[in-house]
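I have placed the structure first, in the form of structure tokens, so that the comments after it can refer back to it.
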């Protein structure tokens, strides 16, 4: 095992479980994992960065929809524009809880909004949002709200010859804009829900269709297998939509948002995964107790 | 630029063009390519290994279909089983030329044949084929018919911090069985046409549906962008179905099968790509003149 650099992790049971797993995975013995099989996958929203009051991508998308509805008032009577303009809390609760049905509706509208755009156009819009918009209560850009302990875990896994992938229900192309500078993860290691692109006359144009399934629930191991040819040996998540991915891994980390001082305390959307963690022996990471630093 | 190890390449214009491109890509100057952008993509059949008399995957598939037709004689009257059992040369010509329409028919039958199987079952079948079946005229297993100069090129690109991907119209899951041991390419760097998988009750099962488009023609840059978030800076191919991928790259290699002594001499399926090479300044690799060793 390569040197421990999990500096923002307290010396508790979660850190010890990680160290024990990686020690076993990299040393001869029954827990050894072939280098080729060392695939680690992590959810994004709530696992790598703040997802309250809403996953950050929705901030980006909702601002776009609000502008679209202002430019075309006929949209204001329709969902999801109506909910965005009217600040519909029930609707937002479904988004925050990553309710698959709500997310399906949103992602369909999402793919539709950018149909016909090039990757460069989309990237520029995300980059402008990243550099100008701040989190509504924490007051810093969203890319400043990445959990430092998880980045240290990435470094630790890389040092032990794991390949780390991010696997989120959110937009693959959205995450890829900041993946390399924010996480140190190459774009090709980002797996997510995605619009199809068509290539003609020498350029890529986003279509109005989703490419395959949403990367949520059972979609996560499906996307991971399609992308990597394997299932993960280590996985990290924080919500019910991560259950199948976590259950597919030999070692699973479940982030528990129990730190209302430094981040947020909530269980919505994670009730079943907390029960599964107890049942299946997953390692629960208490943000409050296991992390000395959050951001 | 890292040391030149292209030992099986003669000191001719093709080798020099590769060296010039990589020198420029890795040194400060107008041809410099950021490390993050150093994506190289290569077709498989006819670019990395023999594709005559047929792409090897079809040998695997046709043997399976012949067995299926023997077990269920009603299949023998239907395509593609009829063509396989009857050794229909016209049909095989369309396969050899990678005629997209023929390939679509085949891949639909292909996904159907293995519907309901697990990755482990499919892998075991491919592995049995790899180790027992020999090329009909060259007399060695197909994995012995990989072009050594291309493997040296992979090493050379890796040494210069390129990430190398294989991008084939053939089956992604088929290639992934031997990618790591044969090419030194991790499974996650193999892009191809693929069946969808569904995950339930803790296991993956192959569905009867293709996942997205076939990885041919315009499908190649589409698949590469979906997988990597970029288009390639360097690409290698040998056929008309590679044109869009080659045109998307800054530096393109086109393998010309002109060596009937050591391999095969043919132009079927590559007529347009040869014209494009002249028009767009691609580097044509003569197997006869540019390679001192083929296998």
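Each label point was placed 7 Å from the Cα along the Cα-to-Cβ direction; for residue B:64 and residue B:138 their separation is 2.2 nm.
Across region A:56-115, Cα pairs under 8 Å and at least six residues apart give a relative contact order of 24 percent.
When only alpha carbons are used to place a centre, region B:149-199 and region A:134-177 end up 27 Å from one another. The mean number of partner chain beta-carbon atoms within 10 angstrom of a residue's beta-carbon across peptide A:181-194 is 3.
Does region B:81-221 come out rounded, prolate or oblate by the C-alpha gyration tensor, with a ≥ b ≥ c the root eigenvalues, rounded set by a/c under 1.5 and, if not, prolate when a/b is larger than b/c and oblate if not? Taking the square roots of the gyration eigenvalues as a ≥ b ≥ c, region B:81-221 is rounded. Taken residue by residue and averaged, Cβ atoms of other chains lying within 10 Å of the Cβ of B:197-208 number 4. Just checking the listed ones, B:198, B:104, B:143: in the Gaussian network model of chain B with Cα springs under 10 Å, the one fluctuating most is B:198. Most simply put, the protein assembly as shown has about 30% antiparallel DSSP beta bridges, counting only bridges with both residues inside it. A helix-only calculation puts the protein assembly as shown at -12000 deg cm²/dmol for mean residue ellipticity at 222 nm, using -39500 (n - 2.57) for each DSSP H run of at least four residues, averaged over all residues.
Relative protection proxy for B:264-271, A:132-139, B:229-236, A:260-267, from highest mean packing down: B:229-236, B:264-271, A:260-267, A:132-139 (other beta-carbon atoms within 10 angstrom). Between helix B:271-280 and chain B there is an angle of about 20 degrees, using the helix long axis and the longest principal axis of the Cα atoms. Gain on full extension, evaluated as 0.36 nm per residue between residue B:35 and residue B:158 minus their Cα-Cα distance, stands at 43.2 nm.
Across region A:159-238, counting alpha-carbon atoms alone, Rg and Dmax equal 13.5, 44 Å.
In this assembly of identical copies, the label point of residue A:64 (Cα plus 7 Å along Cα-to-Cβ) is separated from its counterparts by 3.9 nm, sorted shortest first.
Using only Cα coordinates, the Kirkwood hydrodynamic radius of the protein assembly as shown works out to 25.5 Å.
Note: relative contact order over chain A, using C-alpha pairs below 8 Å and six or more positions apart, is 24 percent. Give me the angle, in degrees from 0 to 90, between the Cα long axis of helix A:100-113 and the longest principal axis of the Cα atoms of chain A, rounded to the nearest 10. Its long axis makes an angle of about 50 degrees. Approximating the spin labels as points 7 Å out from Cα along Cα→Cβ, the residue A:113-to-residue B:88 distance works out to 5.0 nm. Put simply, the C-alpha atoms of region A:56-115 give a gyration tensor, and the ellipsoid matching it has half-axes of 18, 13, 10 Å, longest first. If R0 is taken as 41 Å, the Cβ-Cβ distance between residue B:209 and residue A:261 corresponds to a FRET efficiency of 0.25. Which residues does a label at residue B:23 reach in region B:132-168, if reach means a backbone N under 20 Å from a point 7 Å past the Cα toward the Cβ? Flagged as within label range: B:153-162. Placing a label point 7 Å from Cα along the Cα-to-Cβ axis, residue B:275 is separated from the same position in the other copies by 6.5 nm, shortest listed first. A label point on residue A:155, set 7 Å along the Cα-to-Cβ line, lies at 3.4 nm from each of its counterparts in the other copies, closest listed first. For the peptide B:218-231, the mean number of other protein chain Cβ atoms found within 10 angstrom of a residue's Cβ is 6.
Give the percent of DSSP beta bridges with both residues in chain A that are antiparallel, rounded to the nearest 5. Given both bridge residues lie in chain A, the antiparallel proportion sits at roughly 30 percent. Using only the C-alpha atoms, the convex hull of region B:50-150 corresponds to 123 Å³ per residue. To the nearest ten degrees, helix A:13-26 and the longest principal axis of the Cα atoms of chain A are 70 degrees apart.
Evaluate the relative contact order of region A:160-217 (contact order divided by residue number), counting alpha-carbon pairs under 8 angstrom at least 6 apart; express in whole percent. RCO, region A:160-217: 34 percent. The overall shape of chain A is prolate: from the C-alpha gyration tensor, with semi-axes ordered a ≥ b ≥ c, the ratio a/c is 1.5 or greater and a/b exceeds b/c.
Every number here is computed from the coordinates shown, using simple stated rules; none is lab data. Quick caveat: nothing in here was measured; it's all calculated off a predicted structure. Cβ atoms come from the backbone with ideal geometry, glycine included; neighbour counts cover every protein chain shown.
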